[in-house]
Amino acid sequence: MSGVLSYLVFFLTTAAIYSIASLGLNLQWGRTGLFNIGVSGFFAVGAYAYAILTISPLTGQPGLGWPVLAGLLGAMVAAGLFALLVGIPTLRLRDDYLAIATIGIAITVQLIATNEPELTGGTNGLFAIPQPVAGWLHGSGGVAFLILVLICVALVYLALERMIHSPWGRVLVAIREDETAASSLGKSAFSFRLQSLVIGSMAMGLSGALYAAFIKFISPQDFLPIFTFQVWAMLILGGSGSSAGALLGSLVVWAIWTLSGGLIQAALPAKLQVDSGAIQIILIGLLLMLVILFRPSGLLGRKRPAVHRSTVPSKEQA
Amino acid sequence: MLEVRHLVKHFGGLYAVDDVSFTVKTGTITGLIGPNGAGKTTLFHTIAGGYRPDRGEVFLGPKRISGLPPHRIFQLGLVRTFQIPKPFREMTVLENLMVAAPGQLGERFWSAWVAGRRVRRQEREIRERAVQVMEFLNLGRVAQELAKNLSGGQQKLVEIGRALMSDPQCILLDEPGAGVNPSLLVEIVDRIAELNSRGITFLLIEHNMDVVMNLCDPVLVMAQGRLLLEGPPDLVRSDSRVLDAYLGGTPA
Amino acid sequence: MIGQLLANGIILGATIALGAIGLTMTYNILDFANFAQGELLTFGAYFALIAVSAFAGVHSTFGALSFGWPMVVALLLAAALTSLLAILVDWLVFRPLRRSSIQVALVIASFGASLLLRHLVVLIWGPQPAYYTTNIQISTQILPGVRVTPDQIFLVALTALLVVGLHFFLSRTKLGKAMRATADDPQLAQVTGIDVARVVRWTWIVGGSLAAVAGVLYGMTVQILPEMGFNLILPLFAAAILGGVGSVYGAVLGGLVIGIAENLSVLFLTPTYKPAIAFLLMIAVLLVRPTGILGKPKL
């Protein structure tokens with residue numbers, strides 16, 4: 001396969017993996033107003049859980065050698081459990097407390113990843129992580145895996161959309177809009193928020209698991225807070241509240257990120273390239289500020305009502 | 001219907017509700033008046049579970065509701081509205097009403113898969129009920145409008161509509177007439193009377209004395225956190241203590 | 001052993017306290033959780049490094065301390081430059097967003113600003129750790145089993161001095177009172193003629209200066225590293241929450257508790273888990289008493 005094509009496959013796979021995390025964040029922030037800035041933590045939990053569950057013990061690493069499907073499910077469960085841990089103490093309090101606790105869990109997860117070599121390989125990380133469908137399509141250079149990731153994106157998208165547009169999703173929006181009014185109408189804000197946090201984090205866990213399977217090697221350096229920033233940028237740019245927006249935002253932001261990285265490498269002297277991250281953050285940060293100020297609803301923002309049109313009566317009573 | 005016994009709510013040294021006791025009899029529209037800062041809204045908030053009382057008890061029928069969270073109190077049949085309307089701004093009027101229906105199967109996140117058909121049937125029923133309520137409150141024209149685009153008076157109607165979705169036994173209305181234009185006010189008063197004749201008990205805070213005199217019997221008067229007196233509207237109107245409370249409640 | 005750990009805890013706690021004061025003040029007055037506060041500490045430490053390197057030829061030390069006049073100049077310079085930086089970030093990032101309808105735009109922005117500032121440090125000063133001096137200090141025994149260096153005693157004394165100074169500033173000066181009034185009720189403050197823009201500016205100056213001092217002290221007793229502020233952000237927030245958000249004295253108390261707890265934790269855990277101890281304490285406080293030790297519940 002040509003270089004351009006294989007690069008495109010690589011690009012699309014990464015963007016698609018990101019988009020799953022971004023769909024999860026859309027449920028949490030876009031629909032429920034939950035302020036999770038520990039996305040990288042839940043992503044890391046998913047990645048490590050998948051790696052530990054699926055790596056063959058024969059490699060001499062901590063691994064259980066489970067089938068990949070069990071690894072993917074296990075990653076989601078693990079991320080969900082961590083979300084419970086963060087959500088229970090904070091979801092009754094002001095929004096910022098969840099933010100602080102989620103960044104806390106992200107840092108703690110990284111500490112564990114770095115300091116427990118028996119479990120996580122420590123700073124050396126874990127390698128030889130099994131990839132599903134690796135040999136399929138005659139070793140097509142990752143096309144088979146890309147298709148698998150896209151199927152996962154589609155499944156997560158459909159599942160979340162179905163829930164968002166159910167009465168359950170309607171309650172989430174009510175709580176986002178006015179918690180006091182929602183609880184005066186019999187909705188337990190805490191319980192619904194917790195559900196939303198856990199389900200969204202499970203999507204982030206799946207995203208992390210697919211990342212581990214894609215790269216086949218993970219170490220604590222893969223799960224820095226910059227990942228959280230990227231996912232937030234994707235959601236806000238695409239349109240907070242809209243699953244389609246989250247998908248589009250992932251593509252756009254990842255494209256800008258990759259292109260600007262490439263441009264910096266081409267244009268700047270080698271000395272300054274050491275940390276192209278700063279320039280990329282400025283670029284995305286500027287874009288974000290412009291979006292927040294001038295188009296707060298993003299590319300595909302909350303224009304649709306909370307519940308699908310099909311459940312709305314025709315205008316006969318007008 | 002609703003019995004409040006020795007209720008106390010204080011913030012530091014400020015006793016917003018100070019040993020208040022009264023009973024709202026089934027089938028009445030009980031008015032609650034008093035100068036600004038008398039503690040009326042705090043009293044509402046404490047009854048409905050928004051604040052935890054520092055002392056005292058509240059009973060809804062035979063059931064003790066003080067100390068329960070707001071969503072539990074709602075489920076027992078007591079609904080409240082807010083002084084400043086709190087519609088779900090980014091939702092349509094129809095959705096505002098539909099979300100308020102109690103006992104929705106579809107509120108379990110898994111039922112979108114395991115009970116799709118039953119959820120859809122229930123959604124149809126809830127929608128029909130919401131359409132009825134909107135017609136009753138004359139909100140049919142704005143069913144598809146986002147709540148944030150409505151006037152203040154219409155938002156009050158949406159709140160009443162949301163309260164009605166649950167067939168409550170008792171509704172606490174916090175200033176249904178405030179900031180409402182006169183023609184809409186007539187309509188709101190008319191609807192409250194109509195609902196009362198169908199068996200719903202009301203406790204309402206109101207500053208507009210015409211509304212209180214027309215609608216409420218008995219009337220409770222609060223001042224400085226305490227219950228001053230209780231009686232039929234004519235008696236309350238002519239009681240000098242009430243006038244004193246109002247005059248004393250405004251800065252000279 | 002325990003005595004030594006307690007002493008170490010107070011030393012770390014003093015640094016955390018200074019950083020947490022700025023955090024709790026911005027939280028209270030500007031009403032958002034500023035995740036870039038840790039980077040103000042980092043920049044403070046590096047700004048001081050500039051001054052210290054510039055005076056590299058001057059040999060001046062105070063008594064047993066490892067530093068002399070250059071460090072005093074460095075502290076002042078660091079405080080001034082960090083305040084300027086804080087005001088600049090506010091002007092470029094936070095001020096435009098205060099108009100936004102997205103209520104947590106500020107918090108997201110501060111998270112982005114923190115990342116950016118961290119990368120800038122690496123870009124300017126490189127990723128390797130740095131030190132103000134390579135001299136090794138002899139620690140002295142102040143109590144049975146408790147050894148501290150003169151620098152560490154200086155650190156605790158300076159912190160105490162700054163907290164007392166801040167107390168007088170907030171309770172006696174007109175500006176300090178205006179800041180407290182703005183924290184209580186921004187709208188009312190504006191109506192009563194308080195210059196809110198000035199209050200905002202001074203919030204950054206006070207918070208930034210204290211953060212700079214905290215950064216320098218941390219750099220003096222531990223090391224200077226681009227991630228130092230980020231590594232401290234969890235203890236900072238934990239301290240602010242533990243003491244009760246908005247309470248300056250609470251932040252001090254919280255800082256000491258976190259510092260001591262992190263150091264005592266080495267009795268049970270490897271030292272690398274210190275930040276996680278702050279996190280666990282914070283979660284415990286949120287479960288038991290979310291308003292913190294000295295915080296009053298908001299109505």
Max mean-square fluctuation residue, GNM over chain A, Cα-Cα springs under 10 Å, options A:213, A:244, A:182:
A:182
Could you tell me whether the protein assembly as shown comes out rounded, prolate or oblate from its Cα gyration tensor? Rule is a ≥ b ≥ c as square roots of the eigenvalues, rounded for a/c under 1.5, then prolate if a/b exceeds b/c, otherwise oblate.
oblate
Estimate for me the total accessible surface buried between chains C and A (protein heavy atoms, probe 1.4 Å, no ligands or nucleic acids), in Å² to the nearest 100.
3700 Å²
Quickly estimate the mean residue ellipticity at 222 nm for the protein assembly as shown, helices only: each DSSP H run with n ≥ 4 gives -39500 (n - 2.57), and the total goes over all residues, rounded to 500.
-19500 deg cm²/dmol
Taking Cα atoms, how many degrees apart are the long axis of helix A:3-25 and the longest axis of chain A, rounded to 10 and kept between 0 and 90?
40 degrees
For segment A:170-296, averaging the sequence separation of alpha carbon pairs under 8 Å that lie six or more residues apart and dividing by its residue count, the contact order in percent is 15 percent
Of the candidates B:67, B:103, B:199, which one comes out as most mobile in a Gaussian network treatment of chain B with C-alpha springs shorter than 10 Å?
B:103
Segment A:105-170: chymotrypsin sites (Phe, Trp or Tyr not before Pro) falling in loop per DSSP and having at most 16 other Cβ within 10 Å:
A:127
Between A:41, A:205, A:121, which gets the highest mean-square fluctuation from a Gaussian network model of chain A, Cα cutoff 10 Å?
A:121
What percent do you get for the relative contact order of segment A:8-223 when only Cα pairs under 8 Å and 6+ apart count?
41 percent
Can you tell me the orientation of helix A:68-90 relative to chain A, as the angle in degrees between its alpha-carbon axis and the longest Cα principal axis, to the nearest 10?
50 degrees
Considering only DSSP beta bridges where both residues belong to chain B, give the percentage that are antiparallel (nearest 5).
60 percent
At what distance in angstrom do the alpha carbon centres of segment C:24-77 and segment B:41-118 lie from each other?
53 Å
Where only protein heavy atoms count, and the probe is 1.4 Å, what is the accessible area per residue for segment B:88-149 in Å²?
49 Å²
Between segment A:15-61 and segment A:62-139, the Cα center-to-center distance that results, in Å
6 Å
What is the angle, in °, between the Cα long axis of helix C:150-172 and the longest principal axis of the Cα atoms in chain C? Nearest 10 is fine, range 0 to 90.
20 degrees
For the protein assembly as shown, the percent of accessible surface on carbon and sulfur atoms (probe 1.4 angstrom, ligands and nucleic acids excluded) is 64 percent
Per DSSP, the loop-located chymotrypsin sites (Phe, Trp or Tyr not before Pro) within segment C:1-100 having at most 13 other beta carbons within 10 Å are C:62
Where only protein heavy atoms count, and the probe is 1.4 Å, what is the accessible area per residue for chain A in Å²?
38 Å²
Sorted list, accessible surface of protein heavy atoms, 1.4 Å probe, largest first, for B:19, B:244 is B:244, B:19
Given labels modelled 7 Å from the Cα in the Cβ direction, how far is it in nm from residue B:121 to residue C:59?
9.5 nm
Need one number: nm distance between label points at residue A:85 and residue C:289, each 7 Å from Cα along Cα→Cβ, rounded to one decimal.
2.6 nm
Enumerate the aspartates and glutamates that residue C:177 could reach by cross-link, defined here as Cα to Cα under 13 Å, with residues fewer than 8 away along the same chain left out.
C:185, C:195
Return the equivalent ellipsoid semi-axes of segment A:8-223 as a descending list in whole Å, where each equals the square root of 5 times an eigenvalue of the C-alpha gyration tensor.
32, 20, 12
Using label points projected 7 Å from each Cα along Cα→Cβ, tell me how many nm separate residue C:167 and residue B:183, to one decimal.
6.5 nm
Here the relative contact order (percent) of chain B, from C-alpha pairs under 8 Å and at least 6 apart, is 28 percent
Flagged links, alpha-carbon separation over 19 Å, of B:40/B:148; A:187/B:9; B:25/B:63; A:187/B:86; B:86/B:156:
B:40/B:148; A:187/B:9
Looking at the protein assembly as shown, what % of its DSSP beta bridges pair antiparallel, to the nearest 5?
65 percent
Give me the accessible area buried between chains B and A, both sides summed, with a 1.4 Å probe, in Å² rounded to the nearest 100.
3200 Å²
Inter-part gap, Cα centre of segment B:13-37 to Cα centre of segment C:133-167, in whole angstrom, is 60 Å
Residues in segment C:102-124 that, when all protein chains are in place, have 50 Å² or more less accessible area than the chain alone would give (probe 1.4 Å)
C:102, C:104, C:108, C:111, C:115, C:116, C:119, C:123
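The values are calculated or read from the model by the stated rules, or taken from the named source; none is laboratory data. What you are looking at is a predicted structure, and each value in this text was computed from that prediction instead of being measured. We place every Cβ from the backbone using ideal geometry, glycine too, and count neighbours over all the protein chains shown. Calculation scope for accessible area: heavy atoms of the full protein, side chains included, ligands and nucleic acids excluded. Shrake-Rupley method; radii C 1.70, N 1.55, O 1.52, S 1.80 Å.
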